[in-house]
1. Hey, with R₀ at 25 Å, roughly what FRET efficiency would B:Ala213 and B:Ser57 work out to, going by the Cβ-Cβ distance, to 0.05?
2. If you take the beta carbon distance between B:Asp43 and B:Gln91 as r and set R0 to 45 Å, what does 1/(1 + (r/R0)^6) give as a FRET efficiency, to the nearest 0.05?
3. If packing is taken as the average count of other Cβ atoms within 10 Å, what order do A:153-165, B:37-49 fall into, highest mean first?
4. For region B:8-214, what is the largest minus smallest coordinate of the Cα atoms on each principal axis, given in angstrom and ordered from greatest to least?
5. Rounded to the nearest Å, what's the spacing between the alpha carbon centres of region A:170-214 and region B:160-216? Just the number, please.
6. Ignore the peptide's own chain and count Cβ atoms of other chains within 10 Å of each Cβ in A:210-221; give me the average, rounded.
7. Got a sec? How would A:Leu69, A:Leu138, A:Leu210 order by Cβ neighbour count within 10 Å, fewest to most?
8. Name all residues of region A:40-84 having a backbone nitrogen under 20 Å from the label point set 7 Å from the Cα of A:Leu116 along its Cα→Cβ direction, giving them as ranges.
Amino acid sequence: MNHIHPTAARYRSLLAPLALSLGLAACASPGGHPQDPLEPMNRATFRFNDTVDTYALRPVAQVYAEAPLPVRTGVANFFGNIRDVWTGVNNVLQGKPLDGVSDFGRVLVNSTIGMLGVFDVATDMGLEKHDEDLGQTLAVWGVGDGPYLVLPFLGPSTVRDSVALIGDWSADPVGYVEDIPTRNSLRALRIVNARAGLLGADEAANQAALDKYEYFRSFYLQYRRNQVYDGQPPRIKDPDDEAGLDDAPETPSAALKLDAQPLAASVAPVENPQ
Amino acid sequence: MMTKTLFPRVSRLCAALVLSAGMSMSVLADTQAPDALVKSVTDDVVTIVRQDKAIQSGDTRKAVELVETRVLPNFDFAHMTRLAVGKDWKQATPEQKTALTQEFKTLLVRTYSNALTQYKNQQIDYKPFKGKPEDTDVVVRTEVRQPGAKPVQLDYALERQGDAWKVYDVMVAGVSLVTNYRETFAQEVRNGGIDGLLKSLRDKNKQLESQVAAKK
């Protein structure tokens, strides 16, 4: 199986120039991560973000997490409902019109019966919530990640996802709220709500990581790949993972591992100039 | 686990024979299927945590104890470590391999146990299992649901070893907790060889140990 999404081939020729330029920028520096040529800059931004998080965002999120659960669920649902519109658009753009229709159905149900999205009635009705954005759509169209990029305040991203973010933002209904204080409050609430959802996970990552920067980089790249494949990425069987290197019994299934490909291939840009 | 004797080739052959015999027998003996195994272990652990006030209030040592008795027997840490170390694994001596496995196991167990102490009232959903009876390498998919938060995908990769299934990778939101270490491990080996990596792992474990001690 190829690691490129099935729909990708159709769009590849259209986007080849963009993909190529992203790929060129991803030329490896010796010793470093092939997808992180900007590592020194990224590390600096990462440290900055970490400081902002430690002293500002995380404490606020911790206070917010004390709010009653129904309140937090309502807030999460409200913003989730707003997002479902864009999720639907992206599902259509990715060649999944049925998923898109289901997303628009969700918005219809949740905005009405669900009291402006505060209650996620649609999920109970069996309309599954999806998770799409423009970065994933570009990936489906064949655009590679490009170099890893840590954005100030926003955190881990890639060149492709950063460009896509501009589209995501311009499609964000909150950005079109006329009243500036309301708009800013909504944005702040959304950020705090999202951050509160990561409390606990951040602690686990801190404990697990030997190098937090590398841990988050690897996490982000794998996480995005999983999203692009809607939670079912083709499995990567590692060529270095040979049975018999230790006392583990031989697996007789080596021939069955059709998805064999080096780990690097899954994260490398689609168009590799080398 | 099969042991190697003075005649590796013969023993390898014997092992293969025993293994295949064991496998065909275990089919008859109705081994626990991988999805059933994941479900029974998860259900057991969740039931215990739900009743254990000490674990809920952050007693990491008790959580570690639970993980060691209930979860660990179903994991193949040698395989996990091999995966995390990647191509450098070949240059490690048998002693280094054992030591790396031990340290990596300690690190993973501690992290996982700490996550358990944060358990509130999550619910685990089991996705339909798509494996075939003849498969020897499968993924069991689950989802952790929590009110007010996005469901988190939690998948287990299992490998058949004789008549038992062993977990060799855990994926949270599609991220392998094992291969997530690979770049860091490779960097450590580049900087200080296998011993450098071992030292870093030992230092990390000591640091976590002292944090647990300080909490008490």
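1. Numbers: r = 17 Å, r/R0 = 0.68.
About 0.90, to the nearest 0.05.
2. Numbers: r = 41 Å, r/R0 = 0.92.
The value I calculate is 0.60.
3. Numbers: A:153-165: 19.2, B:37-49: 16.2.
Taking the mean over residues of other Cβ atoms within 10 Å, the ranking is A:153-165, B:37-49.
4. Its Cα atoms span 53, 46, 27 Å along the three principal axes.
5. Using only Cα atoms to place each centre, the spacing works out to 28 Å.
6. Averaged over the peptide's residues, the number is 5.
7. Values: A:Leu69 14, A:Leu138 27, A:Leu210 17.
Least crowded to most crowded, the residues run A:Leu69, A:Leu210, A:Leu138.
8. A:68-84, by backbone N distance to the label point.
Every number in this text was worked out from the coordinates using simple rules, so none of it is lab data. All values reported here derive from a predicted model rather than from experimental measurement. Cβ coordinates were reconstructed from backbone atoms using ideal geometry, including for glycine residues, and neighbour counts include every protein chain displayed.
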